[in-house]
1. Filter the chymotrypsin sites (Phe, Trp or Tyr not before Pro) in the range 16-67 down to the DSSP loop ones having no more than 10 other Cβ atoms within 10 Å, then list what survives.
2. Name the residues whose placed amide hydrogens come within less than 5 Å of the amide hydrogen of L247, ignoring near sequence neighbours (fewer than 5 apart) on the same chain.
3. Using amide H atoms built in the peptide plane, which far-off residues or other-chain residues are under 5 Å from G107 H to H?
4. In degrees between 0 and 90, to the nearest 10, how far off the longest principal axis of the chain does helix 162-173 point, with axes built from Cα atoms?
5. What full-extension length gain, to one decimal in nm, is calculated for A84 and L29 as 0.36 nm per residue of separation minus the Cα-Cα distance?
6. Quick check: the distance between the Cα centres of the range 24-61 and the range 172-241, to the nearest angstrom?
7. Between L100 and residues 5 or more places away or on another chain, which pairs have amide H atoms under 5 Å apart, with H built 1.01 Å from N, and which residues are they?
8. With only alpha-carbon pairs counted, each pair once and no self-pairs, how large is the Kirkwood hydrodynamic radius of the range 206-274 in angstroms?
Amino acid sequence: MRFDVVSIFPEYLAPLELSLIGKARTDGLLELAVHDLRSYTQDRHRTVDDTPYGGGAGMVMKPEPWAQALEDIAAAAPPAPDKAAAPSPGAAPARKKPTLIVPSPAGEVFTQQLAYELAGEDHLVFACGRYEGIDERVLEWAAEQYTVRSVSLGDYVLNGGEVAVLAMVEAIGRLIPGVVGNPESLVEESHSDGLLEYPVYTKPSSWRDRDVPEVLLSGNHGKIAKFRREHQLRRTAARRPDLLDKLDVSNFSKTERNVLWELGYAVVDGRAVRRTGK
Ligand code: SAM
């Protein structure tokens, strides 16, 4: 899988040389290149921004350097054959467009589900905006060569797209087979099944008058699994009830339904519905 990141602050992306993503790059599991947007400018001052049409505060990123950067990146890494497209006799194989991710607080929200979806792509290109963002025409024009997606890290505003890209590349990169040593650790994580992860503990079993829950020391795998499931539900209900509202609980066991009941939920048509007065 290949990642290209375009930014006016390429040094901001240096952490992607560290830890599991850095190791995955060294091991050849993923390719990642960072490009300086200013190297695609034509003027002496390497200008990347200008005043907004219509007036208002702030500056807007100019279209020309972006077009040059995105054209060069697309040309340097020709699209892979589209495995999903049906071959027509005698025709050249259909090519899959790379995906252009444009971080923006006005985009669709980045979730674990989207991370899984993007981890299945061959080539992701990230366009880090600054100031008031990128001239809108770049996104329209880029759709000829890329599948374009505006993606938000959450409902708050950052100074630039670089922090969002660090988060997205890490979340996507760790899903590429081989990047995380033990793939089991991806299975029971928060958001992998629509719930938050259960609390975790390590040695010593007693620390500053606080004991690890006894069941975790029992060696009884059935009881441990039950404890963890219960605490997943409790934690999700307490911290992220919006996740419980969205969950399909039609396959929940009697024990799980009892925990939901205790937490103030009834199961109605496969959904956890808050009981009135709870
Ligand atoms: N004027 C823009 C708006 O209100 O939608 C915000 C621009 S922001 C100051 C500058 C850049 O930071 C954006 O172009 C985007 O690349 C990035 N950014 C800010 N907040 C973000 C978020 N929540 N998720 C992803 N990227 C974000």
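The values are calculated or read from the model by the stated rules, or taken from the named source; none is laboratory data. Note that this is a predicted model, so its numbers are computed, not measured. Because the Cβ atoms are built from the backbone with ideal geometry, glycine has one as well, and the counts that use them run over all protein chains shown. Ligands, DNA and RNA are stripped out before the accessible areas are found, and what is left, the full protein with its side chains, is counted by its heavy atoms. Shrake-Rupley method; radii C 1.70, N 1.55, O 1.52, S 1.80 Å.
1. Sites meeting the loop and neighbour criteria: Y53.
2. A272
3. Counting only residues 5 or more places away or on other chains, the set is S152.
4. Taking the Cα atoms of the chain, the angle to 162-173 is about 60 degrees.
5. Computed gain between A84 and L29 is 17.5 nm.
6. About 41 Å separates the Cα centre of the range 24-61 from the one of the range 172-241.
7. Those lying under 5 Å, H to H, from L100 are V125, T147, V148, R149.
8. 13.2 Å
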